[in-house]
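This report concerns only the one structure given below.
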Amino acid sequence: MNRRLVPTREDCVYTSCYCEENVWKLCDYVRKQRTAPLEHLFVIFISNETRTVPLWKQKSGHGELPVIWDYHVILLQADQSDSLVYDLDSTLSFPCSLKLYAAQALRSESDIRPEYHRKFRVVPADSFLLNFASDRSHMRNSDGSWKMPPPTYAPICTAECQMNLDGFINMDPAIGWGVVFSLNHFLQRYIGSTSSASSSSSSAARSW
């Protein structure tokens with residue numbers, strides 16, 4: 001039996017609305033437990049210029065309606081013929097094949113208004129572990145209160161930086177880490193086609 005890359009969904013470190021830190025913890029687990037070479041893992045930031053990206057099959061969704069995130073973060077394992085997605089906020093399996101995730105969670109953009117089109121910043125896991133920092137200030141209201149309760153562990157930082165989350169969310173390919181793809185180019189790169197995403201368009205998206 002192959003060893004699990006990460007713990008079961010129930011045993012993973014998880015804090016609602018802190019997807020970037022949840023994925024950092026997954027990468028850190030792989031690094032410490034050596035369950036796979038880090039070069040096979042990629043952290044995927046999903047966002048766009050308007051910070052409005054629809055995703056389906058999310059725990060906070062309602063039926064077949066998508067959730068509109070300002071950004072979302074997933075982990076991609078791309079060391080086999082069918083890449084695997086690890087999304088702790090998804091109602092799909094954990095992990096889930098990228099083909100299924102594309103069809104069910106990402107879906108087609110053919111009927112979605114351009115301002116909702118998704119972009120994908122693909123960051124190697126080792127680079128993410130080395131460079132990512134967040135003081136969680138983006139999750140505070142103007143009066144200093146929390147929008148959502150933060151993780152119980154200390155904020156993730158580096159020796160040089162306390163906060164650079166925007167450098168990962170920003171989809172300007174000229175700045176930040178990794179490489180920015182459109183949906184079609186992302187799927188072409190990691191599953192060899194764009195057809196999976198176009199097979200399950202939702203009528204909920206057509207009014208946008």
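The values are calculated or read from the model by the stated rules, or taken from the named source; none is laboratory data. If you're wondering where the values come from, they're calculated on a predicted model, not measured in any experiment. All Cβ positions, even for glycine, are placed from backbone atoms using ideal geometry, and neighbour counts span all protein chains on display. Quick note on the areas: whole protein, heavy atoms, side chains included, nothing else; ligands and nucleic acids left out. Shrake-Rupley method; radii C 1.70, N 1.55, O 1.52, S 1.80 Å.
Can you tell me the alpha carbon radius of gyration of the stretch 105-146 divided by the globular rule-of-thumb value 2.2 N^0.38 Å? Before the final figure, lay out each step's value.
On the way: Rg = 16.3 Å, N = 42, 2.2 N^0.38 = 9.1 Å.
Expressed relative to 2.2 N^0.38 Å, the Cα Rg reads 1.79.
What order do you get for 34-42, 144-152 when each peptide is scored by the mean count of other beta carbon atoms within 10 Å, highest first?
On the way: 34-42: 16.3, 144-152: 10.8.
The packing order, highest mean first, is 34-42, 144-152.
If amide hydrogens are placed 1.01 Å from N in the peptide plane, which non-local residues have theirs closer than 5 Å to the one on F181?
Close amide H contacts, sequence-distant or interchain: F120, R121, V122.
Can you tell me the order of 54-62, 135-143, 19-27 when each peptide is scored by its average per-residue count of other Cβ atoms within 10 angstrom, highest first?
Working: 54-62: 17.7, 135-143: 11.6, 19-27: 22.0.
Per-residue Cβ counts within 10 Å, averaged per peptide and sorted highest first, yield 19-27, 54-62, 135-143.
Distance check, please: which entries in K32/K57; K99/K119; K57/K119; K57/K99; K25/K57 exceed 24 angstrom between their Cα atoms?
Details: K32/K57 30 Å; K99/K119 17 Å; K57/K119 18 Å; K57/K99 14 Å; K25/K57 22 Å.
In this structure, K32/K57 lie more than 24 Å apart at Cα.
I'd like the Karplus ³J(HN,Hα) series for the stretch 73-81: coefficients 6.51, -1.76, 1.60, θ = phi - 60°, whole numbers in Hz, and an x wherever there's a Gly or Pro.
10, 10, 10, 10, 9, 10, 10, 8, 4
Kindly report the accessible area of the stretch 19-191 per residue (heavy atoms of protein chains, probe 1.4 Å, no ligands, DNA or RNA), in Å².
Values: 7780 Å² over 173 residues.
Per-residue value: 45 Å².
Quick one: net charge of T91's neighbours, Cβ under 13 Å, K/R +1, D/E -1?
Taking every other residue near T91 into account, the sum is 0.
So, counting K/R as plus one and D/E as minus one, what does the shell of residues with Cβ under 12 Å around Q162 add up to? The partial results should precede the final answer.
Numbers: positive: R136; negative: D135, E160.
Neighbourhood net charge equals -1.
With runs of 4+ DSSP H residues as the only contributors, calculate the mean residue ellipticity of the chain at 222 nm using -39,500 (n - 2.57) per run, divided by the residue total and rounded to the nearest 500.
Values: 6 runs with 43 residues, N = 208.
Calculated mean residue ellipticity at 222 nm is -5000 deg cm²/dmol.
Residue by residue, what Karplus-based ³J(HN,Hα) values in Hz, rounded to whole numbers, does the stretch 162-175 have, using 6.51, -1.76 and 1.60 with θ = phi - 60° and x for Gly and Pro?
9, 7, 9, 3, 5, x, 9, 6, 4, 9, 6, x, 7, 10
Is the C-alpha gyration tensor of the stretch 67-135 telling us rounded, prolate or oblate? Criteria: a/c under 1.5 is rounded; beyond that, a/b larger than b/c is prolate, otherwise oblate.
Values: a/c = 1.81, a/b = 1.20, b/c = 1.51.
Oblate, because a/c is 1.5 or more while a/b does not exceed b/c.
Roll a 1.4 angstrom probe over the protein heavy atoms and tell me the percent of accessible area of the chain that is carbon or sulfur. It would help to have the intermediate numbers written out before the result.
Working: 5070 of 9970 Å².
Reported share for carbon and sulfur atoms: 51 percent.
Which residues' amide hydrogens lie under 5 Å from the amide hydrogen of S97, considering only partners 5 or more residues apart or on another chain, with H built in the peptide plane?
V85
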